[in-house]
Amino acid sequence: MADLTIFIGNKNYSSWSLRPWLALKATGAAFEEVVIPLDEPTTRATILKYSPTGRVPALIHEGLTVWESLAICEYLAEAFPEASLWPADRAQRAIARSISTEMHAGFQDMRQHLPMNIRSSFPNRGVTAEVQADINRVSALWRECRKRVAEGAGPFLFGGFTVADAMYAPVVTRFRTYKIELDDICQAYADAVWALPAMQEWVVAAGNEPMIIETSEF
Ligand SMILES: N[C@@H](CCC(=O)N[C@@H](CS)C(=O)NCC(=O)O)C(=O)O
């Protein structure tokens, strides 16, 4: 195993894996990735060899195991400070942490009814009133963040790419899969995340993955 190894699930479906993987790519560090296919009889036993919760993602860095997607992102921000994975300004950093935690802990309806499925297209499927409320909240917070970013400071929630963008990246893919209409500010932000080279690398890999999880295909 390499000094820095991330254990992730299927790239097409594992939204929790995408988040710290993007943060890890943003550090520029060399790392090994191990994809553990989800929803198979051996999945849990295999993941338990590396992650105490039996869930991915997990990161092993120089013998230290870190689990939970947001904790991994926090760890990467500390281990690779030059990557500026949080905004430099304390107030902005507090907001970035607030919205990242909000994502980690919330949006249950959107997560349940619009599961990440990058290579598929299900226009408007699963958009209940509760899901629409989650979509409205995400759109509002994206708009609020983008309005605070100075002209020319970068296309992401706080200008340059941060953990907050990694946390919302799976939502960007969901909005594409389920063809959710967005206003211009939110669409421009979603397009910027989608266009990230690391994001595109993940999207291509998701498209080429042979594994299919029937429950995410409706
Ligand atoms: N709260 C965890 C959630 C992790 C999670 O639910 N991972 C799913 C894949 S996206 C998993 O490992 N599932 C394995 C299984 O269900 O056997 C985090 O943020 O990392």
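The values are calculated or read from the model by the stated rules, or taken from the named source; none is laboratory data. As the structure is a prediction and not an experimental result, all values here were calculated from the model. Positions of Cβ are generated from backbone atoms using ideal geometry, with glycine treated the same way; all protein chains shown enter the neighbour counts. The area values use the complete protein model at the heavy-atom level, side chains included, leaving out ligands, DNA and RNA. Shrake-Rupley method; radii C 1.70, N 1.55, O 1.52, S 1.80 Å.
Odds and ends about this structure:
- Carbon and sulfur %, accessible surface of segment 1-76 computed with the full protein complex present, 1.4 Å: 52 percent
- Relative contact order [Cα under 8 Å, 6+ residues apart], segment 74-218, whole percent: 29 percent
- Helix-derived mean residue ellipticity, 222 nm - over the chain, DSSP H n ≥ 4, -39500 (n - 2.57), to 500: -16000 deg cm²/dmol
- The THR101 and ASN208 beta-carbon pair, evaluated with R₀ = 30 Å, returns a calculated FRET efficiency of approximately 0.35.
- In straight-distance terms, cross-link reach from LYS11 covers every one of the lysines whose alpha-carbon lies under 26 Å from its own, apart from those fewer than eight places away in the same chain; here that gives LYS25, LYS49, LYS179.
- Extreme residue, positive dipole direction of the chain, given options THR215, LEU38, GLY9 (C-beta unit charges): THR215
- Per residue, the solvent-accessible area of the chain (1.4 Å probe, heavy atoms of protein chains only, all protein chains present) comes to 46 Å².
- Exposed loop sites here are GluC sites (Glu not before Pro) assigned a DSSP state other than H, G, I, E or B and surrounded by at most 10 other beta carbons within 10 Å; excluding them, the longest clear run of the chain is 63-150.
- Charge dipole magnitude, Cβ of K and R +1, D and E -1 - the chain, Cα centre, debye nearest 20: 320 debye
- FRET efficiency for ARG119 and ALA88, using Cβ-Cβ distance with R0 set to 41 Å, rounded to 0.05: 0.65
- Fraction in percent of alpha-carbon pairs per bin - 5 Å, the chain: 1, 7, 15, 19, 21, 17, 11, 6, 2, 0, 0
- Comparing HIS113, GLN132, ALA71 along the charge dipole axis of the chain, the residue lying farthest to the positive side is GLN132, per the Cβ-charge model.
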